[in-house]
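Visitor: Could you have a look at this structure, given as structure tokens, before my questions?
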Amino acid sequence: MSSGSLLTVRGLSKSFGGVKAVQGVDLTVNSGELVALIGPNGAGKSTTFNMINGQLLPDAGEIGFENRSLVGLPARAVWRLGVGRTFQTAAVFGSMTVRENVQMVMLSHDHQFTSLFARAGQYRQEDALAVLEQVGLQEQADRSCQSLAYADLKRVELAMAIANSPKLLLMDEPTAGMAPAERQMLMALTRQLAKDRQIGVLFTEHSMDVVFGYADRVLVLARGEIIAQGLPGEVQADPKVAEAYFGRTAVKTPDHRGGVS
């Protein structure tokens, strides 16, 4: 595929029985850009994510990543190409330390499959600490993940995602279950990492303060179709969005890129 974008999705569709979960979705994500994919429950957001990262095979459409098609590749192969993923509930190894969680990713990335559990604590220790420093967890490197607060677990998950040196990061409701101040902290950190490392980020989110405060662009899904897209302020003012998603009154939200959207 030829495109100047990091990720290019065209005509993506998926049905389950007679239910059209995703219908002809087009989207792009550029390096260093945060793109929010929002919509009501059942709009097709998770199905779209699962097709991009290889968990579901599309019925139709194309997924181009750095001019290579991802369609038909298994999730592990997609991950190895540089597509990371985080989930609504933090997915970490609770019995391991913070550093060992990052080391496990590095072992897998380096094809050290036979040594995953035996060598996690010794493998690339300085590299793991450097990743943890980027998310502000270096001082907690030797703590068990079972002892961490939920907001810190989400930072561990983010560290695990970037330990694979992704070029694209898919984040499924990254701030779910977090307090407002914790949401702001995590998204500010994500935005800084994305800009510094030129990682493209596609994220779903129900908290509108996060969406309109941190996204560079916003796409709105309803009944499996994109009904609006553009800059945060443009989407927030779109009457179709106000009717289908937010209710009829648009609320101005602080914009952490600068200004108010």
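The values are calculated or read from the model by the stated rules, or taken from the named source; none is laboratory data. Fair warning: this is a prediction, and the values are worked out from it, not measured in the lab. Methodologically, a virtual Cβ is constructed for each residue, glycine included, from the backbone with ideal geometry; neighbour enumeration extends over all protein chains shown.
Visitor: Against the condition closer than 11 Å to residue 156 by Cβ, modelled with pLDDT of 80 or more and in contact with a helix residue (DSSP H, G or I) (Cβ under 9 Å, 6 or more places away or on another chain), how does residue 84 come out, does it pass?
Guide: When the stated conditions are applied, residue 84 does not pass them.
Visitor: Additional query: Can you name every residue in region 1-13 that is over 14 Å from residue 202 (Cα atoms), assigned to a loop (DSSP other than H, G, I, E, B) and not hydroxyl-bearing (Ser, Thr, Tyr)?
Guide: Passing the criteria: 1, 4.
Visitor: So which of 25, 71 is farther than 17 Å from residue 203 by Cβ, more than 17 Å from the chain's Cα centre (by Cα) and β-branched (Val, Ile, Thr)?
Guide: So the residue among 25, 71 that is farther than 17 Å from residue 203 by Cβ, more than 17 Å from the chain's Cα centre (by Cα) and β-branched (Val, Ile, Thr) is 71.
Visitor: Tell me which residues, restricted to region 146-164, are in a helix (DSSP H, G or I) and either over 12 Å from residue 85 (Cβ atoms) or among the β-branched types (Val, Ile, Thr) (or both).
Guide: 146, 147, 150, 151, 152, 153, 154, 155, 156, 159, 162
Visitor: Here is a follow-up. Please list, ordered by first then second residue, the pairs with beta carbon atoms under 7 Å, 6 or more apart or interchain, first in region 133-156 and loosely packed, with under 13 Cβ neighbours inside 10 Å, second assigned to a helix (DSSP H, G or I).
Guide: Once the first residue is loosely packed, with under 13 Cβ neighbours inside 10 Å and sits in region 133-156, its partners that are assigned to a helix (DSSP H, G or I) give 142/99.
Visitor: Right, something else. Against the definition (touching a Lys or Arg at 6+ places or on another chain (Cβ under 7 Å) and not β-branched (Val, Ile, Thr)), how does residue 34 come out, yes or no?
Guide: Answer is yes for this residue.
Visitor: Which count do you get for residues in region 76-96 that are within 15 Å of the chain's Cα centre (by Cα) and among the small types (Gly, Ala, Ser)?
Guide: Number satisfying all stated conditions: 4.
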